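Right, one structure below, let's go through it.
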Amino acid sequence: MKDLQLEKETTFKKIEKTQNQIEEIQRMSAGEPDSTESLRAERLQILKYKLETLTAKLNELDNLAQKIQEQRHLSADLARKLQMLDQREKELSKRIGESAKAPPLLLITEPEENSRHETDTVRLAGAVEDNDGLSRLEILINGQHAESDKDRSLKTASTQPLRGCHFDRTLRLTPGSNRLQVRAIDTDGLVSAKTVTVHYSPSRRNVLAVIVGINDYPKLPKLKFAANDAAEFQRLLVEKNRVPAENIHLLLNTEATLSNLRSILGTRLRAAAAKDDMVIIYFAGHGSTERDALSPDGDGLEKYLLTWEADPKDLYATALPMREIAYILDRIQSERLIFIVDACYSGASGGRTVGAGGLRATLSDSFLERLAAGRGKVIITASAANEVSVEKDELRHGVFTYYLLEGLRGGADLDRDGAVTVDEAYRYVSEKVPRATGQEQHPVKKGEVEGSIVLSITR
């Protein structure tokens, strides 16, 4: 929070500075050469845009404490825009002194340079401005005009030249590196060009999944919708993502025994998953704890995923300890492994948890980071430490899984590129789940992979 406050103070100072710069320009007397006056007007426009951006950033910082993960992403984007604006403003200041005409101001906000993509489309977005008026906007891919870029002139119903516009295009990629170029030409013939290189690697890897859902525990309180959560997740992978049904192990209720899970996770999945494959493990059911002075998390508690036959009086013999899961994940060769858990360990009532002897476990950051340690692992849990993973009758699902499925069906496809990445899915549930539970349940994500992982195809 100290860093947050410092950033707010810094941003506020930048706002004051920018306001002073605007006021200084506005106070300048008329009668300057036309070229200088035009550049001064453009600089004023840039400073105003910069002021709006700084103000937006300050507002986002005010909300950052509550939505830190989501807003960090947005704040970073604003910071990048401010950096580009600062650079352009400095260029304009220099040109004012030289009384020179400036080419169009061109910004590309998406995609990021050297970003990697598994789908054959990418969103190209940005803006262009020029005080003297724009003549043409050209978009090229690998030196060729985009397929739909047949008429590259900028038209307006007004007799006045178009001074600015936004562009937002979906472009088709070819395997390998792709050069995306935007060229803006103003009415004086001055040209601005920006190029971004992205990399498209078609996904040729297998997708392997183990999906577990348990309602009917013989020795534990029953759940209502865990099995339905698992079945719907499996259906999405098969119908939406075209994952072969034979690549998915679906274990519901009596099938989800301790021996089956150990055999499938520790032996069959380990043998089948290659380095380039993507592995998805999903569990919906009860979690629990028991005392263990040797717990590596330092809380004196061992955490368990409760298999079908789990006995709260003998968890060691009848349930799957999380430290064993960590060992299983380390044995799998895949460098793209997603582990999703819709269970909790808080010991509280009303959710997918079973308290053992009144114990309340904490899924600490250190525990989740240890679980996600190693190359290419991402762990997503339905709730944070000492929170309950809630089921709702009106949804007929656990709340977390309901919104996860909703996001994977397209709700989380924020850039509308036809694919939902792990990060997009997490941002979606991080917004929806707290809102649906009165801020009592907050999903958690740990681990990183190189590039983005596509978790669902939406078209």
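The values are calculated or read from the model by the stated rules, or taken from the named source; none is laboratory data. A quick note: this is a predicted structure, and the numbers were derived from the prediction, not measured. No Cβ is skipped: glycine too gets one built from the backbone with ideal geometry, and neighbour counts run over all protein chains shown.
What the table below lists for this structure:
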item	result
The range 273-301: number of residues that are in a strand (DSSP E or B) and either surrounded by fewer than 24 Cβ atoms within 10 Å (Cβ to Cβ) or at pLDDT 90 or above (or both)	10
Yes/no for Ile264 being closer than 19 Å to Leu405 by Cα and either modelled with pLDDT under 95 or of a type in the set (A, V, I, L, M, F, W, C) (or both)	no
Residues within the range 19-47 that are at pLDDT 75 or above, closer than 14 Å to Asn131 by Cα and loosely packed, with under 14 Cβ neighbours inside 10 Å, tallied	1
Enumeration of residues in the range 250-274 that are among the aliphatic types (A, V, I, L, M) and closer than 25 Å to Phe225 by Cα	Leu250, Leu251, Leu252, Ala256, Leu258, Leu261, Ile264, Leu265
Cross-chain or 6+ apart pairs with Cβ under 8 Å, the range 441-455 first and within 21 Å of Asp277 (Cβ to Cβ), then of a type in the set (Val, Ile, Thr) and at pLDDT below 85	Val454/Thr119
The range 256-272: number of residues that are in a helix (DSSP H, G or I) and either touching a helix residue (DSSP H, G or I) at 6+ places or on another chain (Cβ under 7 Å) or surrounded by 15 or more Cβ atoms within 10 Å (Cβ to Cβ) (or both)	9
Strands (runs of 3 or more DSSP E) fully within the range 160-242 counting 3 or more residues that are without any contact (Cβ under 8 Å) to a residue 60 or more places away in the chain and not aliphatic (A, V, I, L, M)	164-172, 176-186
Filter pass, Arg409 being modelled with pLDDT of 50 or more, part of a helix (DSSP H, G or I) and charged (D, E, K, R)	yes
